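A short worksheet on the structure shown next.
Every number in this text was worked out from the coordinates using simple rules, so none of it is lab data. From a predicted model like this one, the values you see are computed outputs, not experimental measurements. Positions of Cβ are generated from backbone atoms using ideal geometry, with glycine treated the same way; all protein chains shown enter the neighbour counts.
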Amino acid sequence: MEGISFGELHRKLREEKQLTLRKYSQLIGQDPGNISRIERGVASPPQNEKVLITMANALELKENSVLWKDFFNLAAIGAGRIPKEILSNKELSNCLPVLLRTLTGRKITEQKMNELLDLIKKG
């Protein structure tokens, strides 16, 4: 889901299921105002895994599917966190400093850059 926020994805999935904001909020036991703020990007996505699972289930996402993983990864990113999927991969998480240096414009060696590119291609 390149270039889409958690809120945008959430709204798209909810609307595809033809769930109104009120009906959906009742299903997941959340305040409709909070869900609206999340969808509009005014509030951060929830970080409580149980809440996210409840939301994903209400949206009928298949567990461990690409969409399921995107949903959880975008929730983490939307709250300014590194997704658990990345942190749990030791090889990938060890490359985060190189990636961050690259993104902030600091010089890295060609060898480190090639290592990072190889890792990204594997993923």
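What to note about this one:
- Residue within the range 76-88 that is under 16 Å from Phe6 (Cα atoms) and in contact (Cβ under 8 Å) with a residue 40 or more places away in the chain present: yes
- Complete set of residues in the range 14-39 that are out of contact with any Lys or Arg (no Cβ under 8 Å at 6 or more places or on another chain), touching a residue at least 12 places away in the same chain (Cβ under 8 Å), charged (D, E, K, R) and part of a helix (DSSP H, G or I): Arg14
- Residue-level check: of (1) within 12 Å of the chain's Cα centre (by Cα); (2) among the basic types (Lys, Arg); (3) in a loop (DSSP other than H, G, I, E, B), Lys69 misses just (3).
- Of all residues making up the range 15-39, the number that are surrounded by fewer than 16 Cβ atoms within 10 Å (Cβ to Cβ), among the small types (Gly, Ala, Ser) and closer than 11 Å to Ala58 by Cβ: 1
- A count restricted to the range 78-101 and to residues that are part of a helix (DSSP H, G or I) and in contact with a helix residue (DSSP H, G or I) (Cβ under 7 Å, 6 or more places away or on another chain) stands at 10.
- Any hit, the range 54-64, residues being of a type in the set (S, T, N, Q), in contact (Cβ under 8 Å) with a residue 24 or more places away in the chain and closer than 15 Å to Leu13 by Cβ: yes
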